[in-house]
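Here's the structure, in structure tokens; my notes come after.
The values are calculated or read from the model by the stated rules, or taken from the named source; none is laboratory data. As the structure is a computational prediction, the values presented were derived from the model and not from experiment. Cβ placement follows ideal geometry from the backbone for every residue including glycine, while neighbour counts extend to all protein chains displayed. Side chains included, ligands, DNA and RNA excluded: accessible areas come from the protein's heavy atoms. Shrake-Rupley method; radii C 1.70, N 1.55, O 1.52, S 1.80 Å.
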Amino acid sequence: MASEKFTDVETAVSKINGGDLITFSGIELNRAPMSLIREIASQGKKNLKIISIPNPIATDFLIKSGCVSHATFSFNGIYFEDGFVIMPNFRNA
């Protein structure tokens, strides 16, 4: 019989260990898997290395939650009509 291919968010995140390298989808302000991101913070994952695609909200949330030890990114800000803004927790880290 084939193995189960679907699981709940809590179980998926429980497989992430401290120090793991992770990435997630989404672009700009859309389609970030925020329920997954919130669960990572909820479970208290620490020392994560993140490869962040252009979606600053999820990375900023994990930085504020104390989950990130290293972030690699090509773009980590938001562009509004009035100009470019770097995410606050990223700037303070």
Solvent-accessible area per residue for the chain (1.4 angstrom probe, square angstrom): 66 Å²
Stretch in the chain that is longest and holds no chymotrypsin sites (Phe, Trp or Tyr not before Pro) that DSSP places in a loop and that have at most 16 other beta carbons within 10 Å: 7-74
If I compute solvent accessible area with a 1.4 Å probe over the protein chains, what percent of it on the stretch 1-87 is carbon and sulfur? 56 percent
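Counting pairwise Cα distances across the chain, what percent come out greater than 18 angstrom? Kindly include the intermediate steps, with their values, before the conclusion.
Details: 1911 of 4278 pairs.
Every Cα pair in the chain considered, those over 18 Å come to 45 percent.
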Starting from the Cα gyration tensor of the stretch 49-91, take the square roots of the eigenvalues, sort them a ≥ b ≥ c, and report rounded, prolate or oblate (rounded when a/c is under 1.5, otherwise prolate if a/b is larger than b/c, else oblate). prolate
Straight-distance crosslink candidates among lysines, where the alpha carbon sits under 20 Å from K5 and sequence neighbours closer than 8 are dropped: K15
